[in-house]
1. Can you find, within segment 57-95, the residue that is nearest to V23 (Cα to Cα) among those that are in a loop (DSSP other than H, G, I, E, B) and touching a strand residue (DSSP E or B) at 6+ places or on another chain (Cβ under 7 Å)?
2. Could you give every pair whose Cβ atoms fall below 9 Å, whose first residue belongs to segment 11-22 and is within 16 Å of P98 (Cβ to Cβ), and whose second residue is of a type in the set (G, A, S), counting only separations of at least 6 or pairs across chains?
3. Touching a residue at least 12 places away in the same chain (Cβ under 8 Å), touching a Pro at 6+ places or on another chain (Cβ under 9 Å) and over 25 Å from N14 (Cα atoms): does that describe P137?
4. Go through segment 129-139 and give me each residue that's part of a strand (DSSP E or B) and open to solvent by less than 70 Å² (accessible area, probe 1.4 Å).
5. If I filter segment 113-128 down to residues being part of a strand (DSSP E or B) and out of contact with any Ser or Thr (no Cβ under 7 Å at 6 or more places or on another chain), which single residue comes out as most open to solvent (accessible area, probe 1.4 Å)?
6. So in segment 66-83, with the set limited to residues that are in contact with a helix residue (DSSP H, G or I) (Cβ under 9 Å, 6 or more places away or on another chain) and among the hydrophobic types (A, V, I, L, M, F, W, C), which one is most open to solvent (accessible area, probe 1.4 Å)?
7. Going by the conditions given, is Y44 without any contact (Cβ under 8 Å) to a residue 60 or more places away in the chain, crowded, with 18+ Cβ neighbours inside 10 Å and outside any loop (DSSP other than H, G, I, E, B)?
8. Can you list residue pairs whose Cβ atoms sit under 7 Å apart, with the first residue in segment 84-112 being touching a residue at least 60 places away in the same chain (Cβ under 8 Å) and open to solvent by 60 Å² or more (accessible area, probe 1.4 Å) and the second being part of a loop (DSSP other than H, G, I, E, B) and of a type in the set (G, A, S)? Count only pairs 6 or more apart in sequence or on different chains.
Amino acid sequence: MLEIKTTKTMFTINQIKEAHSKVKSGSDFPKYVQEMKALGVTSYEHFVSDGHIQYYGSNHFTISGEAKWTPREIAADGDSERLKTSLAIHQQGQTDYPTFCRQAAEAGVEKWIVDMIKMKCIYYDEAGNEMVVEAIPAP
């Protein structure tokens, strides 16, 4: 007998917070992405200025999280090399999420988009230019 799994199309901020609470460093990110996919999240946009996140699911479902901090300044000029260095350190578990977000702002990152379908994380500057595109590894 063929078993068919269905994916939820609706998710809540509380479910997302629960998944995020398990992330202690960048090294936990691939498992987090898998958990988000299981909830039905297809992508999300993380805005570095205040930390709010817009989540997207199937059938045009969207939900927004609240700002996590008071607005911070984003460097006017994007510095991809500085961002790559901050990413590498974060992914090795050497910085926490708030530190990485501060470093991203200093590198000129306006937002990043995590695409669970393409398994990519794309960082953008304020002009909308791609700064870094990363493949999300399997956990």
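The values are calculated or read from the model by the stated rules, or taken from the named source; none is laboratory data. Note that the coordinates shown come from a computational prediction; the quantities given were computed from them, not determined experimentally. For neighbour counting, all protein chains shown are included, and Cβ atoms are generated from backbone atoms with ideal geometry for every residue, glycine included. For the accessible areas, the whole protein counts, side chains as well, though only heavy atoms, and no ligand, DNA or RNA atoms are used. Shrake-Rupley method; radii C 1.70, N 1.55, O 1.52, S 1.80 Å.
1. Here the answer is G65.
2. So the pair list comes out as K17/G65.
3. When the stated conditions are applied, P137 passes them.
4. Those that are part of a strand (DSSP E or B) and open to solvent by less than 70 Å² (accessible area, probe 1.4 Å): M131, V132, E134.
5. The qualifying residue most open to solvent (accessible area, probe 1.4 Å) is K120.
6. Pass one, segment 66-83, residues in contact with a helix residue (DSSP H, G or I) (Cβ under 9 Å, 6 or more places away or on another chain): 66, 68-69, 72-75, 79, 82-83.
Now drop any that are not among the hydrophobic types (A, V, I, L, M, F, W, C), which leaves 69, 74-75, 83.
On the way: W69: 51, I74: 17, A75: 29, L83: 0 Å².
Ranking the qualifying residues of segment 66-83, first place goes to W69.
7. Numbers: without any contact (Cβ under 8 Å) to a residue 60 or more places away in the chain: no; crowded, with 18+ Cβ neighbours inside 10 Å: yes; outside any loop (DSSP other than H, G, I, E, B): yes.
Answer is no for this residue.
8. D96/S25
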